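Have a look at the structure below, then the notes.
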Amino acid sequence: MSAPSSPSHATPTGATPPDVLCEGARVWVRRDGSWRPGIVLCSNASAATVRYRPAETIGTGVDTVVPRSLRPRHDDDPYLDKATVADPDRPAPALATRTAVRPREFSR
């Protein structure tokens with residue numbers, strides 16, 4: 001695999017195109033000074049949650065990154081690209097909300 005290596009990729013000045021940030025998109029993730037292969041799990045206009053390989057092993061990590069730390073990836077990754085992005089039988093996670101929760105009344 002050939003990760004981005006030019007100085008313009010190391011210190012990007014432009015934003016990643018929005019179509020790269022769709023669910024399942026193959027991306028390079030800038031982490032700890034190097035570009036790592038990853039897959040977008042979900043995204044919005046300001047950040048993306050990605051599954052990526054933080055080292056040259058089969059293990060993966062999940063992190064939220066800003067678009068300037070992402071680049072399109074066209075190479076295959078044998079460990080990431082064969083895995084499914086989400087389980088279709090599992091419901092999507094509910095978004096956290098800030099609703100007031102009343103304490104229960106305990107009977108004695």
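Read-outs throughout are calculated quantities, based only on the coordinates presented, and are distinct from any laboratory measurement. None of the values given here were measured: they were computed from a predicted structure. Cβ placement follows ideal geometry from the backbone for every residue including glycine, while neighbour counts extend to all protein chains displayed.
Figures for the structure shown
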{"quantity": "Neighbour net charge for CYS42 - beta-carbon separation under 11 angstrom, K R +1, D E -1", "calculated": "0"}
{"quantity": "Spin-label model distance (nm) - VAL66 vs GLU23, 7 Å beyond Cα toward Cβ", "calculated": "2.6 nm"}
{"quantity": "In Hz, Karplus ³J(HN,Hα) per residue of the range 25-39 (6.51, -1.76, 1.60; θ = phi - 60°; x = Gly, Pro)", "calculated": "5, 7, 9, 9, 10, 7, 9, 6, x, 9, 8, 10, x, x, 9"}
{"quantity": "Nitroxide proxy distance, nm - points 7 Å out along Cα→Cβ at ASP81 and ALA55", "calculated": "2.5 nm"}
